[in-house]
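J.: One structure follows; several queries about it will come next.
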Amino acid sequence: MKKLRLRQVELTTLYAIKKNIINKPTFFSLTMFKKIFKNVSYLFASQIISKLLFLLQIVFIARYLGAEGLGKYAFVFAFGGIFFIFANLGLTNLTIRELAKDKSKTAIYFSNLLFIKTISCLVIFSLMILISQFTTLSKELKTGIILIAIILALDSFISIFRSIFRAFEKMQYEAIIELIHNFIIVSTVILLLVFGYGFLHILNAFIMAKIIAVVMMTYFTLKYFAKPIFKLDIILIKNLLLKSLPFLITGVAALIIYRIDIIMLEFLKGSAIVGLYEAGYLIISNLQIFPVFLIIAFYPSLSNHFKDGYKLKFLYKKATFCLLILSLFILIGVFIFGKSVILLLFGKEFLKSVLILKLISIGGFFLFLNLINVYYLNAINKAYINVLFFTIGAILNVILNLMLIPQLSYVGAGIATIVSYFVIFVGEFVYVKKHLSNTDE
């Protein structure tokens with residue numbers, strides 16, 4: 001009888017090991033958690049300081065240039081962003097995913113990405129300047145668009161280095177450079193504003209800082225990760241462009257939802273209304289760091305274990321729980337302290353931004369909570385699902401903005417944002433939940 005019981009215990013143990021039940025939580029919680037926590041710490045420290053610096057910068061712009069000046073600043077970045085998302089071609093997340101799986105490809109990826117970005121930036125830069133000249137925008141805004149094109153072209157190259165750092169899970173290099181880069185921008189912008197310069201002059205501070213960041217990132221990449229092999233791999237370029245297409249479409253759709261309201265408000269209502277809208281939007285944009293930095297740190301691990309159903313499920317559940325708590329905390333905090341924050345930072349001129357802040361925070365709740373779904377789908381090679389739902393959301397957002405902005409102004413833009421993010425979240429959550437239910441324990 002004792003031998004029979006012993007045999008039953010042995011069989012049970014073997015079955016548990018086979019099904020990956022025993023020791024899996026211990027492996028993940030000790031090994032993966034340490035790596036994730038390390039990367040989260042670097043990103044958290046860097047992004048918190050950077051967000052505070054840029055918030056300070058926006059406060060100075062609002063105080064010195066008013067709602068109209070802030071509106072012009074927001075518009076050129078939104079206008080340029082819509083164009084330069086095509087220059088980035090959706091390659092950032094794809095590069096992180098591919099290099100996280102096989103770091104030996106870094107050198108060949110590096111050189112070919114440089115080639116792709118050079119061509120794409122030249123094309124988009126020319127197209128953006130050409131189109132802007134045929135609009136009814138003021139000469140000042142057209143000049144701002146030229147400057148922003150230079151800024152975003154440099155930023156497009158920075159994204160290559162950022163992808164390499166994240167793929168190797170060496171976020172400390174990114175953190176150091178980002179802090180230096182952001183400090184240069186913010187300190188220079190504040191000085192220019194104090195001495196009476198306008199919004200065009202402050203864009204030059206961005207150009208200077210971006211050049212410095214490119215030089216520093218090049219140094220770290222060449223020294224610690226890889227040197228480019230100056231050999232074009234046409235097959236690799238074709239594969240990268242094909243694989244990045246879902247990321248590109250998703251990025252375009254997401255940016256349309258995120259920034260098309262600014263562009264439409266500028267053309268339909270003017271820079272002053274854009275400034276009021278941007279003040280409320282920026283609060284949520286800055287708070288976005290809390291859910292985003294967590295997901296960015298998780299993404300390499302999701303990509304590494306995309307074939308391991310148990311680890312994916314474990315990651316998804318833990319990240320979802322954290323995102324839910326953070327999102328609720330942000331939403332409740334905005335409704336309680338929103339008015340006080342707007343008055344403290346921007347003054348009475350921006351009192352109308354309080355309502356915008358509350359509306360955007362509701363949309364932000366669904367946006368933040370959906371981040372894990374977006375990255376989960378990318379990690380399991382189901383990026384086309386992101387393409388589907390973000391395209392639906394983008395189309396819906398544009399239609400709602402066209403219908404609501406002429407009548408409700410910035411309130412209409414806020415409502416369009418809420419509805420769009422809610423539709424995307426529900427669609428992706430249902431799909432991911434179904435996928436998880438089919439994953440082996």
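The values are calculated or read from the model by the stated rules, or taken from the named source; none is laboratory data. Source: prediction; values computed, not measured. All Cβ positions, glycine included, derive from the backbone under ideal geometry; neighbour counts span all protein chains shown.
J.: State whether the residues of the stretch 128-140 include one that is among the charged types (D, E, K, R) and in contact with a helix residue (DSSP H, G or I) (Cβ under 6 Å, 6 or more places away or on another chain).
T.: Checked the stretch 128-140: no residue is among the charged types (D, E, K, R) and in contact with a helix residue (DSSP H, G or I) (Cβ under 6 Å, 6 or more places away or on another chain).
J.: Could I ask something else about it? Would you say Tyr258 is of a type in the set (Phe, Trp, Tyr), modelled with pLDDT of 75 or more and either part of a helix (DSSP H, G or I) or closer than 20 Å to Leu355 by Cβ (or both)?
T.: In short, yes.
J.: Step by step: first the residues of the stretch 129-155, then only those that are hydroxyl-bearing (Ser, Thr, Tyr) and part of a helix (DSSP H, G or I), then the one that is farthest from Gly69 (Cα to Cα). Which residue is that?
T.: Taking the candidates together, the pick is Ser132.
J.: Only one of (1) surrounded by 21 or more Cβ atoms within 10 Å (Cβ to Cβ); (2) aromatic (Phe, Trp, Tyr); (3) more than 19 Å from the chain's Cα centre (by Cα) is not met by Tyr173, so which one is it?
T.: Answer for Tyr173: the failing condition is (3).
J.: When only residues in the stretch 397-441 that are crowded, with 16+ Cβ neighbours inside 10 Å and of a type in the set (Ser, Thr, Tyr) count, which is nearest to Lys313 (Cα to Cα)?
T.: The selected residue is Tyr431.
J.: From the residues in the stretch 47-102 that are under 19 Å from the mean Cα position of the chain (by Cα) and among the aromatic types (Phe, Trp, Tyr), which one is farthest from Glu349 (Cα to Cα)?
T.: Within the stretch 47-102, the match that is farthest from Glu349 (Cα to Cα) is Phe86.
J.: Report yes if some residue within the stretch 376-390 is under 21 Å from the mean Cα position of the chain (by Cα), assigned to a helix (DSSP H, G or I), modelled with pLDDT under 90 and surrounded by fewer than 17 Cβ atoms within 10 Å (Cβ to Cβ); otherwise report no.
T.: Scanning the stretch 376-390, I find at least one residue that is under 21 Å from the mean Cα position of the chain (by Cα), assigned to a helix (DSSP H, G or I), modelled with pLDDT under 90 and surrounded by fewer than 17 Cβ atoms within 10 Å (Cβ to Cβ), so the answer is yes.
J.: Given the conditions (1) exposed (fewer than 15 other Cβ atoms within 10 Å of the Cβ); (2) modelled with pLDDT under 85, report the number of the one that Phe157 does not fulfil.
T.: (1)
J.: Pairs, please: C-beta under 7 Å, at least 6 apart or cross-chain, first residue over 12 Å from Asn386 (Cα atoms) and in the stretch 244-258, second among the small types (Gly, Ala, Ser) and modelled with pLDDT of 80 or more?
T.: Listed by first residue and then by second, the contacts come to Leu255/Gly81; Ile256/Ala394; Ile257/Gly393; Ile257/Ala394; Ile257/Ser420.
J.: Among Ser120, Ser163, Ser126, which is in a helix (DSSP H, G or I), farther than 22 Å from Phe75 by Cα and without any contact (Cβ under 8 Å) to a residue 40 or more places away in the chain?
T.: Residue meeting the stated conditions: Ser120.
J.: Right, something else. Among the numbered criteria (1) hydrophobic (A, V, I, L, M, F, W, C); (2) modelled with pLDDT of 80 or more; (3) outside any helix (DSSP H, G or I), which one does Ala253 miss?
T.: So the condition that Ala253 fails would be (3).
J.: Search the stretch 59-85 for residues that are at positive phi and part of a helix (DSSP H, G or I) and pair each with any residue that is crowded, with 21+ Cβ neighbours inside 10 Å and at pLDDT 90 or above when their beta-carbon atoms are under 6 Å apart and the residues are at least 6 apart or on different chains.
T.: none
J.: Sticking with this structure for a sec: Looking at the structure I just gave you, is Thr143 under 30 Å from Met264 (Cβ atoms), surrounded by fewer than 20 Cβ atoms within 10 Å (Cβ to Cβ) and of a type outside the set (Phe, Trp, Tyr)?
T.: Yes.
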